[in-house]
Amino acid sequence: MTFTFGIYPGGLLGDDTGTVAPVSPDDPDRITAALRDLQGGAPTLLVRAYRSYPEEPATPPTPAGPERYAVEGRRLDLVLQFREPTGRLDGWLDFVRRTVRTEGHRIGVLQICEEPNADSPVLDGSVPNVRQALVQGVVAAKEEALACGLDLAVGFNAVLTFDPADTFWPDLGALADERFHRALDYVGLDFFPDVFRPVPAERLAEVVAAVLAGFRKESVAAAGIGPAVPIRICEHGWPTGPDRSEGRQAEVVEEVVRTVAGLAAELNVTGYGHFGLRDADSAGPGLFHHFGLLRDDYTPKPAFGVYRRLIAELTAV
């Protein structure tokens, strides 16, 4: 089976309260060079980008001009965020269809909504009607792609659920009709083990394997989504910083990627995306400033070389 890799190349990111701006603007030439280096001889590398609806100056796309990176075999892993405060869907569905028509030729993976089960002010789970936006958005995107003769994977992502009373997955299953199940090409998972909840180093691989198995066999299954639908790791990372060494980041990247790839056949996992390429601020005080494989001046941390080697080794497993 084919296993594909990706990365988010922008400096802007969200934390639990808002956005974290990079200490210096993105440098497209340096980003391109880093993406080319990571891709190596792999036939493709997915470049993650985010765009919000409604399209407003307050929520600019990130990274800016992502189409410049979708060259040399690379394709976009494009996230369309549903941020309509009223929850109305008419303009949203037009936005989804228009995006497919105009940009589908450079899109490899199209994600509908961003973490719709996370009730955070910066994520789609806090927006009214998000489940309907997800279901109808997936159907609209796939129908438009088929009508245009485009080969792109349409899906959605989610975060881990630790609340036993959470009803996201069964609620989604109740909304999901036959058209949705026909249209759905993958389900994505964003997870950051040993970042927000500590995990002993010797248990990391065990925890990652348990998380993936639970996501497949419990969460996704509760929505009536069967094992034939692939899952993807959309976002995973481990920040450096005080008491978080660059050497340990490299070890985490290696262990997590190898664990995920090792479960590819058993759990039908078809890809892994790293978050992200560059630190927002290598001297910043918080976890969210330090997720990069590169420092904020584009010099590599050890994990950059590790990820490059893993891409070369594991693109096809």
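No lab work stands behind these numbers, since they all come straight from the coordinates. Quick caveat: nothing in here was measured; it's all calculated off a predicted structure. All Cβ positions, glycine included, derive from the backbone under ideal geometry; neighbour counts span all protein chains shown.
Just a few scattered comments:
- For the range 48-63, Karplus couplings with θ = phi - 60° (6.51, -1.76, 1.60), whole Hz, Gly/Pro x: 7, 9, 10, 9, 9, 10, x, 7, 10, x, 6, 10, x, x, 9, x
- Max mean-square fluctuation residue, GNM over the chain, Cα-Cα springs under 10 Å, options LEU160, LEU46, LEU212: LEU160
- Residue of GLU235, GLU266, GLU114 that the Gaussian network model of the chain assigns the largest fluctuation, springs spanning Cα pairs under 10 Å: GLU266
- Rounded to the nearest whole Hz, the Karplus-based 3J(HN,Hα) values (6.51 cos²θ - 1.76 cosθ + 1.60, θ = phi - 60°) of the range 161-166 follow the sequence 10, 9, 8, x, 8, 5, with x at glycine and proline.
- The local environment of THR299, defined by Cβ-Cβ distances under 12 Å, has a net charge of 0 under the rule Lys, Arg +1 and Asp, Glu -1.
- An ellipsoid equivalent to the range 1-124, defined through the eigenvalues of its Cα gyration tensor, has semi-axes of 25, 18, 13 Å when rounded to whole angstrom and sorted largest first.
- Each Lys or Arg adds one and each Asp or Glu takes one away; over the other residues whose Cβ falls under 15 Å from the Cβ of ARG75, this sums to 0.
- Counting DSSP beta bridges with both ends in the chain, the antiparallel % (nearest 5): 15 percent
- Converting phi to 3J(HN,Hα) with the Karplus coefficients 6.51, -1.76 and 1.60 and the offset θ = phi - 60°, the range 251-262 yields 5, 5, 4, 4, 5, 5, 4, 5, 5, 4, 4, x Hz in sequence order, with x at every glycine or proline.
- Normalised by the number of residues in the range 107-229, the average gap of Cα pairs under 8 Å and 6 or more apart makes the relative contact order 26 percent.
- Fluctuation leader among THR86, THR161, THR32 - the chain, Gaussian network, Cα springs under 10 angstrom: THR86
- Fully extended contour minus Cα-Cα distance, from ALA312 to ASP29, at 0.36 nm per residue: 99.6 nm
- Part-to-part distance (alpha-carbon centres) for the range 286-317 and the range 177-195, which is given in Å: 24 Å
- Cα gyration tensor of the range 4-314 - equivalent ellipsoid semi-axes, whole Å, descending: 28, 22, 19
- Relative contact order (percent, whole number), the chain, Cα cutoff 8 Å, 6+ residue spacing: 21 percent
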